[in-house]
Amino acid sequence: MDKHSIYHSPIRSVFDKFSRAKDASLVYGEPIELDRKQVLPVAKVNYYVGGGGGYSDMGEEESTAQGEGGGGYFSIKPVGVFEITPEKVKFKPIINMYFVLTILSVVTLGLGFLFKSSRKFK
């Protein structure tokens, strides 16, 4: 490797991509035309990336050393859509049915225990 060459880590391209892409295109999808309205999908985006790199140039006759590592987590969850008509813009959230069923189950169990314990004291 030439002593004057500059080391560029491949991990750098991942960081560059996400640092440039921190805009609305990560959260808002492409509008979908439907009759006289547009539907714009909306998502919640979370990502975490990390990495490292290295380079060593010991001398003219010695071999160079380099090392890299990286990892990340990406999560994209739909949250709703914007419905755009000539008259108005309306947000329609996506309801997570698992969350709704969990809340209903907890409330039902809680009411059941309260009803059962109140009957013991009579």
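Here are the numbers for this structure:
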| read-out | value |
| --- | --- |
| Strands (runs of 3 or more DSSP E) contained in region 21-122 and holding at least 3 residues at pLDDT 85 or above | 37-52, 69-84, 89-93 |
| Residues satisfying the stated conditions in region 66-102, i.e. among the β-branched types (Val, Ile, Thr) and in contact (Cβ under 8 Å) with a residue 12 or more places away in the chain | ILE76, VAL79, VAL81, ILE84, THR85, ILE94 |
| Single residue of region 1-17 satisfying the filter (surrounded by 14 or more Cβ atoms within 10 Å (Cβ to Cβ) and under 17 Å from the mean Cα position of the chain (by Cα)) that is modelled with the highest pLDDT | PHE15 |
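The values are calculated or read from the model by the stated rules, or taken from the named source; none is laboratory data. Nothing here was measured: the structure is a model prediction, and the numbers come from that model. FYI the Cβ positions are ideal-geometry reconstructions off the backbone, even for glycines, and counts take in every protein chain you see.
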